[in-house]
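For reference, the structure is listed below as structure tokens.
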Amino acid sequence: MIREILWWIFAAEAVLGALGMVLSRNPVGSLLSLVVTFFGLAAIYVLLGAFFISAIQVIVYAGAIMVLFLFVIMLLNLGHDYHADLRRGVWLVLGGLASGLIGFVLYRAVRTPSLELPSGLTSPLDELVQRQGAVGVIAAPLFRDFSVAFEVTSVLLLVAAIGAVVLAKRRV
Amino acid sequence: MLTLSLVLAAILFAIGVLGVVIRRNAIILFMCVELMLNAANLAFIALSRAVGIEGQVFVFFVISVAAAEAAVGLAIIISIFRHIETVDIKNFNLLRW
Amino acid sequence: MTFEPTLVWAIVLLPLLGFVVNGVVALAAPERKIVPTIVGPAVIAISFAIALVNFFGMLRTGPETAVIVPGYTWIPSGSLQVEASLQLDQLSMLMTLIITGVGFLIHLYSVGYMHADKGYARYFAYINLFVFFMLLLVLGSSFPLMFVGWEGVGLCSYLLIGFWYTGKVNADAGKKAFIVNRIGDFGFIVAMLMIFANTGSLSFQSVFAAAPSAFTYGGAVVTAITLFLFLGATGKSAQIPLYVWLPDAMAGPTPVSALIHAATMVTAGVYMVARTGVLFALAPVSMIVVAGIGALTALFAATIGLAQYDIKKVLAYSTVSQLGYMFVGVGVGAYSAGIFHLMTHAFFKALLFLGSGAVIHAMHEALHHTHRDWDAQDMRNMGGLRRYLPITFVTMWVGTLAIAGVWPFAGFFSKDEIIWQVAARAVGPFRGWFTLYWVMALVAALLTAFYMTRLMIMTFHGKSRLPDEERHHLHEVPWVMYVPLVLLAVLSVLGGWINVPAAIGRMPVLGWVPHAEWLHHWLEPVTAAAERIQAANLPALSETAPFGGGEALWALVSFAIAVATIVIASAVISRVEYRPALESAAPAGFRRVLFRKWYVDEIYDALVVRPVIRASRWLWRWIDQGLIDGVLVNGAARLSRMVGWFGSRLQTGQINTYAFAVVLGVIFLFLFVFPRLF
């Protein structure tokens, strides 16, 4: 019961944060709203039993990536002297239409399940977590079944790092 | 709660779409993309409870790719900013007729 | 004993080889004259020799059916199987002998006539190619193959008429010939398609075998086919209404006029009617039309010939007129008579043309010495040439007597045969028409004698109208030119004796000959089928002419007419005081109408050429420039530019727009992949 209440609270926090991000005029405000959303999501991950991902969400996403965004905002000096960049009129309508349609489609997709979802709070995953621990449960498939993808991801990150340096440097 | 999480993912994704369509600040556009990625992540995690642990592994990869994307994307924004002194995409209109 | 053909393909292909060799010379070293001098006439001579071998073989064995010399399958297309094979029978044999024999003499003559021309090798290349196509035309075993030859000779005719292409008149004459021939070719093609549609074949043997059962006698289909075929013949053989190109075709070198526009190509239509005699025999209406057009042309062209001053123009109209006779012959169903006249005409008209060529050659050289700007072809500038060109003079008189129909020259027998056949066949449904044609043919014969005598008197007799300076430069032509003249003169005398009509053969002095009607019997295997159809559907031939009198009597009458006309014409023309062309007044009165050729060219110009040009201009302005260029071509471009403009407005360069489009795309994808969701 308490988990469900908590879920609602964090879901509301995530949605509000998301709306705040989209609607805030100040980029820094947007960014902080997004961090709020991420924290809400991290909490929902915990409620869904994904402890490790929850930690990653907070540490990598909210911590590292968002700090990178914030850093760029500060670097480009966008924190003040910003001007309204929200599109109005037709674009607002179109944006609402687009997001509404997407939301509707996704909602219908959720509401027309093609597989049996466990309705209760229990899941076979929870037992696994109990046995192997939150990290072990994800580490086993990651380094066994997805080891190639994992290594490729490391190369991707390397390439991205080099690319970022090349792009951002004034003279190579 | 599972189904509700999926619905929440749909709502967040829709909000991300809304942001992408109506905002003009390049960095905020990026953040909206991140939000959509997170909505997908949420769906993955919710479904991993029913289908298996692989959903969480996918989220792991998504986060890595998001990090890479953020690094490169922000670098691009910086280099664009050096040229035109703004991140408002209404000025990024070289890709026009 | 069966007939074994010998190297028939070689007859056809040797001139092609000559064309290739001479063509290479013409392209690589146009100033070299040795190779064309040897190769050009030699290939024709060898072809002629092979043809002679086959001829004697055929004479010895007398095959009753045509020999097919297989080649390869040219068009294997479903039920349409066209073999590229040659058909050797008595008719094509005779034509081959005429083409290669007369052709060889004319090649020989050309060596002398063209020796100073810059396009010597080119000339021999073209004329060899012409002989190749002409042989293909007569030897081809099917309509398509005949058509290839038919088109090929048209092409060569065009090339040779416009041989001196730097003169606009010559180039225009070539184009005129080509375009007028196109009209006829259209008829040929339509006829060919109709034949295929109705008999399911295009080879002569199977078409003629199927024709009596496939067509009803006098039916609309066979009448249409034959009329379309005849349209083709009127184009190629210069009959009314498509004869207008032939007089202009005299712009080409004179040996070309002799070979192509007198002896061989223009007779292709006659050959074709004779070849398809089975079809024409089935269509009495077409027979009336063919013979009628022939008679009308014979008379009409003869009247124009009366008033021309250009020596080659006279001969050209004479050719048109004589071709008319041939069509009368084949039109009334007397195929052997038509072919007989074709043969004798090839001899004496080639002779006359080559003789006129010799005259022009001499005149041209004389005028060239003093650079006097006189027309070397205008008879008013000639006169008294007999002293300077004695051999030409004698041989041309032989040709004149032959064409006028004086015994014992070839034309007497052949022309008389046609005139008599018209009279004899004026029975049953044809009685009225053929009687009319018979009278027309007789009148035309009279006119022929008159204009030919006029030509001879004006050219060779009387006082020379050339100034003294030029007169010293007049010389007889070299031997390569007069030897063909002499040989053709001999043929013009003897050629008629191979088909002496039986009625004349029985007469004492006039027609002693061992084989009366030899040619008629020779061609019988070819004409038998058509004759059978005629015999089955028409009453027997009449023994007397429409106004009484038998064959022998009328032969004597036409002989008398010819002689009398020549005598009277000589007397009349000799008395006329001609003056050189530049000093003469333009002809007046009715003579002017004749001189201007009944204004046919002007009428065609007003009725056909100008409207076509106007229509073309209209089509060009509105359909081509307006509709096709404006609406279709530029319109398509303008439309795509317009669409592109609208499309480019969508390219705002704004990422939001693109994102929105992506979202819409995703939604549509969902719509297609998961239609259940909506």
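Among the listed residues B:Leu6, B:Leu47, B:Leu12, which satisfies the condition of being at pLDDT 90 or above and not β-branched (Val, Ile, Thr)?
Answer to the check: B:Leu12.
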Fill in the blank from the handout: Filtering the range C:21-30 down to residues that are surrounded by fewer than 14 Cβ atoms within 10 Å (Cβ to Cβ) and either in a helix (DSSP H, G or I) or in contact with a Lys or Arg (Cβ under 8 Å, 6 or more places away or on another chain) (or both) yields C:Val24, C:Leu27, C:Ala28
Practice task
Starting from residues that are without any contact (Cβ under 8 Å) to a residue 40 or more places away in the chain and buried (at least 17 other Cβ atoms within 10 Å of the Cβ), keep the ones in the range A:1-12 and report whichever is nearest to the other protein chains (Cβ to nearest Cβ).
Solution key: A:Ala11
Handout entry: Identity of the residue in the range B:35-56, surrounded by 24 or more Cβ atoms within 10 Å (Cβ to Cβ) and facing chain A (nearest Cβ under 7 Å), that ends up farthest from A:Val90 (Cα to Cα)
Key = B:Arg49
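Are any residues in the range C:557-567 more than 30 Å from the chain's Cα centre (by Cα) and either closer than 15 Å to C:Leu401 by Cβ or in contact (Cβ under 8 Å) with a residue 24 or more places away in the chain (or both), and if so, which ones?
Result: C:Ala560, C:Ala564, C:Val567.
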Problem - Out of C:Ala562, C:Ala552, C:Ala536, sole residue that is under 26 Å from C:Thr435 (Cα atoms) and modelled with pLDDT under 85 - result: C:Ala552
Practice task
Answer yes if at least one residue in the range C:645-654 is among the charged types (D, E, K, R) and either within 14 Å of chain B (Cβ to nearest Cβ) or touching a residue at least 24 places away in the same chain (Cβ under 8 Å) (or both), and no otherwise.
Solution key: yes
Problem - Count of the range C:185-234 residues which are small (Gly, Ala, Ser) and within 13 Å of C:Val290 (Cα to Cα) - result: 3
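Yes or no: the range B:2-14 includes at least one residue that is farther than 27 Å from A:Phe51 by Cβ, within 7 Å of another protein chain (Cβ to nearest Cβ) and out of contact with any Leu (no Cβ under 6 Å at 6 or more places or on another chain). Full working, then the answer.
So the first thing to find is which residues in the range B:2-14 are farther than 27 Å from A:Phe51 by Cβ, and the list is B:14.
Those left that are additionally within 7 Å of another protein chain (Cβ to nearest Cβ): B:14.
Still in the list and also out of contact with any Leu (no Cβ under 6 Å at 6 or more places or on another chain): B:14.
Yes, there is a match, as at least one residue in the range B:2-14 is farther than 27 Å from A:Phe51 by Cβ, within 7 Å of another protein chain (Cβ to nearest Cβ) and out of contact with any Leu (no Cβ under 6 Å at 6 or more places or on another chain).
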Problem - Criterion (within 29 Å of C:His107 (Cβ to Cβ), modelled with pLDDT of 85 or more and either of a type in the set (Asp, Glu) or over 29 Å from the mean Cα position of the chain (by Cα) (or both)) met by exactly one of C:Ala45, C:Ala29 - result: C:Ala29
Practice task
Kindly indicate whether any position in the range B:83-97 is more than 14 Å from chain C (Cβ to nearest Cβ) and among the basic types (Lys, Arg).
Solution key: no
Problem - Any hit, the range A:82-90, residues being crowded, with 17+ Cβ neighbours inside 10 Å, small (Gly, Ala, Ser) and over 18 Å from A:Leu6 (Cα atoms) - result: no
Completion exercise
So the helices (runs of 4 or more DSSP H) completely within the range C:432-550 holding 3 or more residues that are free of Cβ contacts under 8 Å to residues at least 24 places away in the same chain and of a type outside the set (S, T, N, Q) are C:518-537
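If we scan the range B:63-78, do we find a residue that is in contact (Cβ under 8 Å) with a residue 60 or more places away in the chain, in a helix (DSSP H, G or I) and within 14 Å of chain C (Cβ to nearest Cβ)?
There is no residue in the range B:63-78 that is in contact (Cβ under 8 Å) with a residue 60 or more places away in the chain, in a helix (DSSP H, G or I) and within 14 Å of chain C (Cβ to nearest Cβ).
Conditions tested, residue by residue: (1) without any contact (Cβ under 8 Å) to a residue 24 or more places away in the chain; (2) touching a Phe, Trp or Tyr at 6+ places or on another chain (Cβ under 9 Å); (3) not assigned by TED's automatic domain parsing to the domain that holds C:Ala502.
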| residue | (1), (2), (3) |
| --- | --- |
| C:Val576 | yes, no, no |
| C:Ala581 | no, yes, no |
| C:Ala606 | yes, no, yes |
| C:Ser640 | yes, no, yes |
Practice task
Might you let me know whether the range C:413-428 holds any residue that is part of a loop (DSSP other than H, G, I, E, B) and surrounded by fewer than 24 Cβ atoms within 10 Å (Cβ to Cβ)?
Solution key: yes
Handout entry: Residue list for the range B:21-62, filter: in a helix (DSSP H, G or I) and on the phi > 0 side of the Ramachandran plot
Key = none
Practice task
Six or more apart or on different chains, Cβ under 8 Å: which pairs go from a residue in the range B:21-32 that's more than 7 Å from chain A (Cβ to nearest Cβ) and within 15 Å of B:Ile78 (Cα to Cα) to one that's at pLDDT below 85 and buried (at least 24 other Cβ atoms within 10 Å of the Cβ)? Could you list them?
Solution key: B:Ala26/B:Val87
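Given the residues C:Arg649, C:Arg617, C:Arg638, which is the only one that is at pLDDT 85 or above and surrounded by fewer than 12 Cβ atoms within 10 Å (Cβ to Cβ)?
Details: C:Arg649 fails: at pLDDT 85 or above; C:Arg638 fails: surrounded by fewer than 12 Cβ atoms within 10 Å (Cβ to Cβ).
When all the criteria are applied, what remains is C:Arg617.
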Exercise for the section: For residues that are crowded, with 16+ Cβ neighbours inside 10 Å and at pLDDT below 85, scanning just the range A:128-166, find the one that is farthest from B:Gly73 (Cα to Cα). Expected result: A:Leu128
Problem - Unique match (being at the interface with chain B (Cβ under 7 Å from one of its Cβ atoms) and within 27 Å of B:Ala26 (Cα to Cα)) among A:Val35, A:Val58, A:Val67, A:Val15 - result: A:Val15
Exercise for the section: Return the only residue of C:Gly355, C:Gly333, C:Gly338, C:Gly329 being in contact with a helix residue (DSSP H, G or I) (Cβ under 7 Å, 6 or more places away or on another chain) and either among the β-branched types (Val, Ile, Thr) or not in a helix (DSSP H, G or I) (or both). Expected result: C:Gly333
Practice task
State whether the residues of the range C:370-390 include one that is part of a loop (DSSP other than H, G, I, E, B), touching a helix residue (DSSP H, G or I) at 6+ places or on another chain (Cβ under 8 Å), surrounded by fewer than 18 Cβ atoms within 10 Å (Cβ to Cβ) and not charged (D, E, K, R).
Solution key: yes
Handout entry: Positions within the range C:429-456 being buried (at least 21 other Cβ atoms within 10 Å of the Cβ) and over 20 Å from C:Met326 (Cβ atoms), in sequence order
Key = C:Phe450, C:Thr453, C:Arg454, C:Leu455, C:Met456
Exercise for the section: Sort out for me the helices (runs of 4 or more DSSP H) sitting completely within the range A:1-115 that have 2 or more residues that are in contact with a Phe, Trp or Tyr (Cβ under 6 Å, 6 or more places away or on another chain) and at pLDDT 85 or above. Expected result: A:27-47, A:51-56
Handout entry: Condition met for C:Gln81 (in contact with a helix residue (DSSP H, G or I) (Cβ under 7 Å, 6 or more places away or on another chain) and either under 19 Å from C:Val153 (Cα atoms) or among the polar types (S, T, N, Q) (or both))
Key = no
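The values are calculated or read from the model by the stated rules, or taken from the named source; none is laboratory data. No experiment lies behind these values; they were computed from the predicted model shown. Ideal geometry is used to build each Cβ from the backbone, glycine not excepted, and the neighbour counts take in all protein chains shown.
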